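Below: one structure, written as structure tokens.
The values are calculated or read from the model by the stated rules, or taken from the named source; none is laboratory data. Computed from a predicted model, the values in this text were never measured in an experiment. Neighbour counts are summed over all protein chains in view; Cβ atoms, including those assigned to glycine, are modelled from backbone coordinates with ideal geometry. Areas reflect the complete protein model, heavy atoms only, side chains present, ligands, DNA and RNA absent. Shrake-Rupley method; radii C 1.70, N 1.55, O 1.52, S 1.80 Å.
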Amino acid sequence: MKLIIQPDDGVAPVVRAIDRAKKTIDIVIFRFDRDEIERAIHIAVGRGVVVRALIAHTNKGGEKKLRKLELRLLEGGATVARTADDLTRYHGKLMIVDGQALHVFGFNYTTLDIEKSRSFGIVTRDRKIVAEAMKLFEADALRQNYVPAHKRLVVSPENSRALLTAFIKGAKRQLLIYDAQISDNGIQKVLQERARAGVDIRVIGSLEKSLKDVKVRRLAGLRLHVRAIVRDGREAFIGSQSLRRLELEKRREVGVIVNDRRVVKQMMTVFEQDWSETPSGKKQAKKEAKKDAKSDAKKAELAAAS
């Protein structure tokens, strides 16, 4: 299992995965403007890789670009399908390579998301999760109903509310959350319950309601474009769905719950760094530095007096 960290890792992990494909690539697209990825797809088709692209029927302000992308991919030899319009958005971002590796992204295939935003992606070869993602891809490409069957693949609107509510409820010590806009009433109620139970909850992003003992800070220096939760330093969620009713119930969103300790530790390290770099974090650091300086000065005075 591998964690992709943006903007640090850039477009390279996506292009590299496409370059290494031997048989098939299934890719789901919501927004797209990276020439490197498009070029890699065309080259893959040229060497005999079967590429299937599932492209969102709409996004805010970018439908013309999506339709032009469809034509270019078709001209390049890829198979292109368009999502249905039964949901408000088909907002998931994923790629399956050779039926063996699932890539779930919090970021779109765009310069804004990859180079100027904090985001994550996860790559897993867990056979059951990969098979479940392939089933989802087939259902959406053929516009058929999808029935979820794996508790670690989080799919809106089918199972994300139940899985993410249970994930948050299961916290015993700590929840570290990246989310630009937490507004779902049920989720906020669970967060408040966990905080009252003594769970340390910190959010980089925003909360619709002010919740007692839930600390919230804005990300500094970067745009926030990921939905992620680290629970008790042992498990983590990465996906496209915010903790909002719209994204839990009315849109296609895709995420994954992982328990790889190395990946979780990496996410915690990034979160703590981002937390400390917020304006509130820097202010707190200055206070602590002054306090330490006073303590050191007092110790020096006592040592000199003795």
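Any idea how many residues of the range 234-266 are of a type in the set (A, V, I, L, M) and assigned to a strand (DSSP E or B)? Number satisfying all stated conditions: 6. Annotation: GLY121 fulfils all but one of (1) assigned to a helix (DSSP H, G or I); (2) within 30 Å of LEU222 (Cα to Cα); the unmet one is (1). Within the range 245-289, the set of residues being over 23 Å from ILE5 (Cα atoms), open to solvent by 20 Å² or more (accessible area, probe 1.4 Å) and either touching a strand residue (DSSP E or B) at 6+ places or on another chain (Cβ under 6 Å) or modelled with pLDDT of 95 or more (or both) comprises ARG245, LEU246, GLU249, LYS250, ARG251, SER280. Quick check on the range 61-82. Is at least one of its residues within 19 Å of THR110 (Cβ to Cβ) and polar (S, T, N, Q)? Within the range 61-82 (the criterion being within 19 Å of THR110 (Cβ to Cβ) and polar (S, T, N, Q)), the answer is no, since none of the residues qualifies. Residues being in a loop (DSSP other than H, G, I, E, B) and either open to solvent by 50 Å² or more (accessible area, probe 1.4 Å) or among the small types (Gly, Ala, Ser) (or both): count how many of those fall in the range 143-160. Number satisfying all stated conditions: 8. Just one of (1) of a type outside the set (Val, Ile, Thr); (2) surrounded by fewer than 18 Cβ atoms within 10 Å (Cβ to Cβ); (3) touching a His at 6+ places or on another chain (Cβ under 8 Å); (4) modelled with pLDDT of 95 or more fails for ARG16. It is (3). In the range 4-13, of all residues being of a type in the set (A, V, I, L, M) and over 18 Å from ASP274 (Cα atoms), the one that is most open to solvent (accessible area, probe 1.4 Å) corresponds to ALA12.
Sub-8 Å Cβ pairs linking a first residue in the range 251-265 that is of a type in the set (S, T, N, Q) to a second residue that is open to solvent by 10 Å² or more (accessible area, probe 1.4 Å), at least 6 apart or interchain, are ASN259/ARG234; ASN259/GLU235, ordered by first then second residue.
Taking the criterion of being under 14 Å from GLN181 (Cα atoms) and either open to solvent by 60 Å² or more (accessible area, probe 1.4 Å) or not in a strand (DSSP E or B) (or both), the residues of the range 217-228 that qualify are ARG218, LEU219, ARG223, HIS225, VAL226. Taken across the range 47-70, residues that are surrounded by 15 or more Cβ atoms within 10 Å (Cβ to Cβ) and of a type in the set (Lys, Arg) do occur, with at least one present.
Take the range 91-128 and flag every residue that is open to solvent by 20 Å² or more (accessible area, probe 1.4 Å) and not aliphatic (A, V, I, L, M). If the condition is that a residue be open to solvent by 20 Å² or more (accessible area, probe 1.4 Å) and not aliphatic (A, V, I, L, M), then ASP98, GLY99, GLN100, THR111, GLU115, LYS116, ARG125, ASP126, ARG127, LYS128 are the ones that fit. Entry remark, the range 181-209: residues being in a loop (DSSP other than H, G, I, E, B), modelled with pLDDT of 95 or more and more than 21 Å from the chain's Cα centre (by Cα) number 3 in total. Looking across the range 229-244, the residues that are more than 19 Å from PHE30 (Cβ to Cβ), surrounded by fewer than 23 Cβ atoms within 10 Å (Cβ to Cβ) and either small (Gly, Ala, Ser) or out of contact with any Lys or Arg (no Cβ under 9 Å at 6 or more places or on another chain) (or both) come down to GLY233, GLU235.
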